[in-house]
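Taking it in order: structure first as structure tokens, then the write-up.
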Amino acid sequence: MLIVIEEITKPKFDWRGYIRRFTGVSTKVFTKKIRRKENHRYEDNPGLKIKMRQHMLLAIDTSGSVSDTELAEFMNEIHHIYKAGVDITIVQCDTSIRSIEPYRGKNEINVLGRGGTEFDPVLDYYNANLKKYTSLVYFTDGECYTSVKPKSKVLWVLSERSSMNEDLPGQVIKLEL
């Protein structure tokens, strides 16, 4: 099933502030030679501009309990995270991981799954690949529990229609206007 965002709306959460406070250290460092900055070590050579970039793992709960409007709400927020200057890898999971692919700014996603709900496969994948990602953001309706403890930072983003689930490990927020 293909979910398309017809209109990009304002984000329901301050993603720029979150990324700055929550992830902190970056795993990717880009250097760029620029003429405007003087090189202090070697005269007449261009200076270097160092730019750090986060690489976040974003998981989407594609179980049957998550409606199409909630998936569109999740994709809108993912688009705003992408616009904040973050490299994103999207994991789709219901009872098992259905796909792992990079996000390139498209306003559509081919949703796979639509079965039951299980958080453990994504948390196991995240724990096994900690060096690749600065944090995990899990978009869900929160209608499940997990026994796996994440080894690094996790933010659970619950949809507007879901009820708060305080038993999830890590920080939990609810998307509200």
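In region 99-123, what residues are assigned to a strand (DSSP E or B) and among the hydrophobic types (A, V, I, L, M, F, W, C)?
Taking region 99-123 and keeping what is assigned to a strand (DSSP E or B), we get 99-102, 108-110.
If the condition is that a residue be assigned to a strand (DSSP E or B) and among the hydrophobic types (A, V, I, L, M, F, W, C), then ILE100, ILE109 are the ones that fit.
Restricted to region 62-77, and to residues that are in contact with a strand residue (DSSP E or B) (Cβ under 9 Å, 6 or more places away or on another chain) and over 18 Å from SER96 (Cα atoms), which residue is surrounded by the fewest Cβ atoms within 10 Å (Cβ to Cβ)?
ASP68
Tell me, yes or no, whether region 54-69 has at least one residue that is more than 21 Å from LEU175 (Cα to Cα) and modelled with pLDDT under 95. Let's see the steps before the verdict.
Taking region 54-69 as the starting set, the residues that turn out to be more than 21 Å from LEU175 (Cα to Cα) are 54-55.
Applying the additional criterion that residues be modelled with pLDDT under 95 yields 54-55.
Within region 54-69, one or more residues are more than 21 Å from LEU175 (Cα to Cα) and modelled with pLDDT under 95.
Look at region 116-130 and say how many of its residues are loosely packed, with under 14 Cβ neighbours inside 10 Å and touching a Ser or Thr at 6+ places or on another chain (Cβ under 7 Å).
1
Cβ contacts < 6 Å: first residue surrounded by 11 or more Cβ atoms within 10 Å (Cβ to Cβ), restricted to region 102-115; second residue in a loop (DSSP other than H, G, I, E, B) and not hydroxyl-bearing (Ser, Thr, Tyr), any location; separation 6+ or different chain. Result?
Filtered contacts from region 102-115: ASN107/ILE5; VAL111/MET1; GLY113/ASP94; ARG114/GLY64; GLY115/ASP94.
Given ASP61, ASP14, ASP87, which one is out of contact with any Leu (no Cβ under 6 Å at 6 or more places or on another chain), assigned by TED's automatic domain parsing to the domain that holds TYR125, of a type in the set (D, E, K, R) and under 14 Å from PHE139 (Cα atoms)?
Of ASP61, ASP14, ASP87, the one residue that is out of contact with any Leu (no Cβ under 6 Å at 6 or more places or on another chain), assigned by TED's automatic domain parsing to the domain that holds TYR125, of a type in the set (D, E, K, R) and under 14 Å from PHE139 (Cα atoms) is ASP61.
At pLDDT 95 or above, surrounded by 14 or more Cβ atoms within 10 Å (Cβ to Cβ) and touching a helix residue (DSSP H, G or I) at 6+ places or on another chain (Cβ under 8 Å): does that describe ILE97? Can you show your working first?
Numbers: at pLDDT 95 or above: yes; surrounded by 14 or more Cβ atoms within 10 Å (Cβ to Cβ): yes; touching a helix residue (DSSP H, G or I) at 6+ places or on another chain (Cβ under 8 Å): yes.
Against the criterion (at pLDDT 95 or above, surrounded by 14 or more Cβ atoms within 10 Å (Cβ to Cβ) and touching a helix residue (DSSP H, G or I) at 6+ places or on another chain (Cβ under 8 Å)), ILE97 qualifies.
State all residues of region 84-94 that are of a type outside the set (A, V, I, L, M) and either modelled with pLDDT of 95 or more or surrounded by fewer than 16 Cβ atoms within 10 Å (Cβ to Cβ) (or both); if no residue qualifies, say none. Please lay out each step first, then the result.
As a first pass, look at region 84-94 and keep what is of a type outside the set (A, V, I, L, M): 85, 87, 89, 92-94.
GLY85, THR89, GLN92, CYS93 - these are the residues of region 84-94 that are of a type outside the set (A, V, I, L, M) and either modelled with pLDDT of 95 or more or surrounded by fewer than 16 Cβ atoms within 10 Å (Cβ to Cβ) (or both).
Name every residue in region 124-154 that is assigned to a loop (DSSP other than H, G, I, E, B) and either closer than 13 Å to THR62 by Cα or without any contact (Cβ under 8 Å) to a residue 12 or more places away in the chain (or both), in order of residue number. I'd like the intermediate steps shown before the answer.
Step one: filter region 124-154 for residues assigned to a loop (DSSP other than H, G, I, E, B), giving 129-134, 141-153.
Result: ASP141, GLY142, GLU143, CYS144.
Condition check ((1) charged (D, E, K, R); (2) within 13 Å of the chain's Cα centre (by Cα); (3) within 25 Å of GLU118 (Cα to Cα)) across all residues:
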| position | (1), (2), (3) |
| --- | --- |
| ILE5 | no, no, no |
| LYS32 | yes, no, no |
| ARG35 | yes, no, no |
| LYS51 | yes, no, no |
| MET56 | no, yes, yes |
| THR69 | no, no, yes |
| PHE74 | no, yes, yes |
| HIS80 | no, yes, no |
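The values are calculated or read from the model by the stated rules, or taken from the named source; none is laboratory data. Because the structure is predicted, anything quoted here is derived from the model rather than measured. Reconstructed Cβ throughout: ideal geometry from the backbone, glycine too, with neighbour counts over all protein chains shown.
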